[in-house]
Amino acid sequence: MATYLIGDIHGCYRELRHLLDKVSFEPVQDTLWLTGDLVARGPDSLEVLRFVKSLGHSLKLVLGNHDLHLLGVFAKISRNKPRDKLNNLLNAPDADELINWLRRQPVLQVDENKKIIMAHAGITPQWDLETAKMCAREVEAILSSDSYPLFINSMYGDLPNNWSPELSGLARLRFSTNALTRMRYCFPNGQLDMICKDKPQDAPAPLKPWFDLPSQLPEGYSIVFGHWASLEGKGTPDNVYALDTGCCWGGNLTCLRWEDKQYFTQSSLSAPK
């Protein structure tokens, strides 16, 4: 029994299947963790969703910002951008089933036994673990409800960017969504910066990657995240694992086997466009 954690797939179905074959993944006995952004940019978002949904209890995933964007497109709130290559999925006969399954997936995974915390973008240094769980549950509740289009319609925006327990309503949900699915940099006080996308060595002062600021999470836990392809899986502390290595941009799809911390990669099979 093994635990495999894979970075952002972005519709790269062939690479996903090649990588799973490489590690001899067996759904009956193994568990697959996915860091979100299952869809968009790569060629085969429909096939990715069908496959990961079929894995049932062998799968643990979190939603990423591109997955939420898909929900917005499906609800006719967000624009369907040609570069996201979502038409095959949106026009599929099982699109309703797949997308309604997707919106009922979590934005945070915590394994108390393995001491793994997984979120698409990471965990803001302004949160302890219980706050992260609470805020994630709130987002998950609205996404799985019939009111999810109202939330999606108010999801976009960079403010508020500072956590306070006093936040409420859509503002609170927007902060939580940004922290869990879009965050890269923070100011020294933990306030989110939602603008900079540079590599850490190029980021303007005083911004720091969220994982370089003091954490309120319990000792002994590891954080697994995706979202930040330009890191190339490098430059994080020992207990923080960046798994997005830009497969849809012509890079690799990366898998981490948790039990021995061995990495496996599959190079992109489709030239980026």
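The values are calculated or read from the model by the stated rules, or taken from the named source; none is laboratory data. Treat the numbers as computed from the prediction; the structure is a model and nothing was measured. Using ideal geometry, Cβ is built from the backbone for each residue, glycine included, and neighbour counts are taken over all protein chains shown. The area values use the complete protein model at the heavy-atom level, side chains included, leaving out ligands, DNA and RNA. Shrake-Rupley method; radii C 1.70, N 1.55, O 1.52, S 1.80 Å.
Could you derive backbone 3J(HN,Hα) for region 176-193 from the dihedral phi with the Karplus parameters 6.51, -1.76 and 1.60 (θ = phi - 60°), listing whole Hz in sequence and x where the residue is Gly or Pro?
Using θ = phi - 60°, the values come out as 4, 5, 4, 5, 8, 10, 10, 4, 10, 10, 9, 6, x, 7, x, 4, 6, 10 Hz.
Reachable aspartates and glutamates from Lys76, Cα under 19 Å, same-chain residues fewer than 8 places away excluded?
Partners found: Asp67, Asp84, Asp94, Asp96, Glu97, Asp146.
How far apart, in nm, are two points set 7 Å out from the Cα along the Cα-to-Cβ line at Trp249 and at Asp198?
Those two pseudo-labels are separated by 1.6 nm.
Who wins for biggest fluctuation among Tyr156, Tyr185, Tyr13 in a Gaussian network model of the chain, springs between alpha carbons below 10 Å?
Tyr156
Between Ser144 and Ser58, what length comes free when the chain is fully extended (0.36 nm per residue of separation minus the Cα-Cα distance, one decimal in nm)? Show your work: numbers first, answer last.
Values: separation 86, 0.36 × 86 = 30.96 nm, distance 2.09 nm.
Separation in residues times 0.36 nm, less the Cα-Cα distance, equals 28.9 nm.
Considering Cα pairs under 8 angstrom that are at least six residues apart, work out the relative contact order of region 89-167 and quote it in whole percent. Write out the running numbers ahead of the final one.
On the way: 34 pairs, mean separation 19.9, N = 79.
Relative contact order for region 89-167 comes out at 25 percent.
Once phi is turned into θ = phi - 60°, what whole-Hz ³J(HN,Hα) does the Karplus curve with 6.51, -1.76 and 1.60 give for every residue of region 102-116, x standing for Gly and Pro?
With coefficients 6.51, -1.76 and 1.60, one gets 4, 6, 9, 8, x, 10, 8, 10, 9, 10, 5, 6, 7, 6, 10 Hz.
Sort Ser215, Ser144 by accessible area with a 1.4 Å probe, largest first.
Numbers: Ser215 80, Ser144 50 Å².
These residues rank, largest area first, as Ser215, Ser144.
Looking at the chain only, what percent of DSSP beta bridges run antiparallel? Nearest 5 please. Display every interim value, and only then the final one.
Numbers: 16 of 30 bridges.
Approximately 55 percent, going by the DSSP bridge assignments.
Run the numbers for Trp101 and Asp158: contour at 0.36 nm per residue of separation, minus the present Cα-Cα distance, in nm.
Numbers: separation 57, 0.36 × 57 = 20.52 nm, distance 2.72 nm.
Result: 17.8 nm gained on full extension.
How much length is gained if the chain between Ala205 and Asn189 is pulled fully straight, taking 0.36 nm per residue apart and subtracting their Cα-Cα distance, in nm to one decimal? Present the calculation step by step, with values, prior to reporting the outcome.
Numbers: separation 16, 0.36 × 16 = 5.76 nm, distance 1.31 nm.
My answer for the length gained is 4.5 nm.
For the pairs Lys60/Lys115; Lys85/Lys234; Lys199/Lys234; Lys60/Lys234; Lys197/Lys261; Lys114/Lys208, note any where the Cα-Cα span goes beyond 19 Å. The partial results should precede the final answer.
On the way: Lys60/Lys115 14 Å; Lys85/Lys234 29 Å; Lys199/Lys234 11 Å; Lys60/Lys234 23 Å; Lys197/Lys261 28 Å; Lys114/Lys208 28 Å.
The pairs that break the limit, which is 19 Å between Cα atoms, are Lys85/Lys234; Lys60/Lys234; Lys197/Lys261; Lys114/Lys208.
Most fluctuating residue of Leu49, Leu253, Leu61 in a GNM of the chain with Cα springs under 10 Å: which is it?
Comparing Leu49, Leu253, Leu61 in the GNM, the peak value goes to Leu49.
Work out from phi, with θ = phi - 60° and the Karplus expression 6.51 cos²θ - 1.76 cosθ + 1.60, the ³J(HN,Hα) of each residue of region 236-249, listed in order in whole Hz, and give x for Gly and Pro.
Calculated HN-Hα couplings, in order: 9, x, 4, 9, 10, 10, 9, 10, 7, 10, x, 4, 6, 9 Hz.
Over the chain, calculate the relative contact order: mean separation of alpha carbon pairs under 8 Å at least 6 apart, over the residue count, as a percent. Write down the numbers at each step before the final one.
On the way: 558 pairs, mean separation 62.4, N = 273.
The value is 23 percent.
In terms of solvent-accessible area of protein heavy atoms at a 1.4 angstrom probe, what is the ranking of Glu166, Glu219, Glu138, Glu97, highest value first?
Glu219, Glu166, Glu97, Glu138
Report, ordered by chain and residue number, the aspartates and glutamates lying within cross-link reach of Lys133, taken as a straight Cα distance under 18 Å and ignoring same-chain residues fewer than 8 apart.
Partners found: Asp111, Glu112, Glu166, Glu219.
Would any residue of region 215-259 have its amide N under 16 Å from a label point 7 Å out along Cα→Cβ of Lys114? List them or say none.
221-226, 239-244, 254-259
Determine the relative contact order of region 52-193: mean sequence separation of Cα pairs under 8 Å and six or more apart, normalised by residue count, in whole percent.
Numbers: 159 pairs, mean separation 37.9, N = 142.
Computed over region 52-193, the figure is 27 percent.
With springs only between Cα atoms under 10 Å, which of Asn65, Asn91, Asn161 fluctuates most in a Gaussian network model of the chain?
Asn91
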